[in-house]
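Engineer: Below you will find the structure I want to go over with you.
The values are calculated or read from the model by the stated rules, or taken from the named source; none is laboratory data. Note that the structure is a prediction, hence the values are computed from the model and not measured. When we count neighbours, we look across all protein chains shown, and the Cβ atoms used for this are built from the backbone with ideal geometry, even at glycine.
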Amino acid sequence: MEYARQTVDSNILKGILNIPPTLYNKKVEVIILPIEDTTKEQFIHANKRQIGFWDGPEIPDSFFEPLPEEELQAWGL
């Protein structure tokens with residue numbers, strides 16, 4: 001798998017990414033990994049979709065509650 005890896009000044013990233021203030025004015029390493037193959041055909045198909053509101057079931061308020069400690073640990077957070 002190809003990837004890009006670069007060390008940059010975090011101030012460059014402020015306007016691009018939402019970085020924590022503790023990383024301001026520091027050199028940081030940025031690693032870009034592919035997650036999906038987006039070919040021209042996929043973009044054409046995506047542009048044909050209608051813009052609108054989601055017609056699925058309503059999202060319950062519990063969806064926005066913090067994750068349990070066990071789940072956070074499983075993600076290494």
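Engineer: For region 21-39, enumerate the residues that are part of a loop (DSSP other than H, G, I, E, B) and not aliphatic (A, V, I, L, M).
Structural biologist: Tyr24, Asn25, Lys26, Pro34, Glu36, Asp37, Thr38, Thr39
Engineer: What's the number of the condition Ile44 fails, among (1) at pLDDT 90 or above; (2) of a type in the set (A, V, I, L, M); (3) surrounded by fewer than 10 Cβ atoms within 10 Å (Cβ to Cβ)?
Structural biologist: (1)
Engineer: Please specify each residue of region 1-24 satisfying the condition of being surrounded by 10 or more Cβ atoms within 10 Å (Cβ to Cβ) and not aliphatic (A, V, I, L, M).
Structural biologist: Asp9, Ser10, Asn11, Lys14, Tyr24
Engineer: Whether any residue in region 51-70 is in a helix (DSSP H, G or I) and at pLDDT 90 or above is what I want to check.
Structural biologist: Within region 51-70, one or more residues are in a helix (DSSP H, G or I) and at pLDDT 90 or above.
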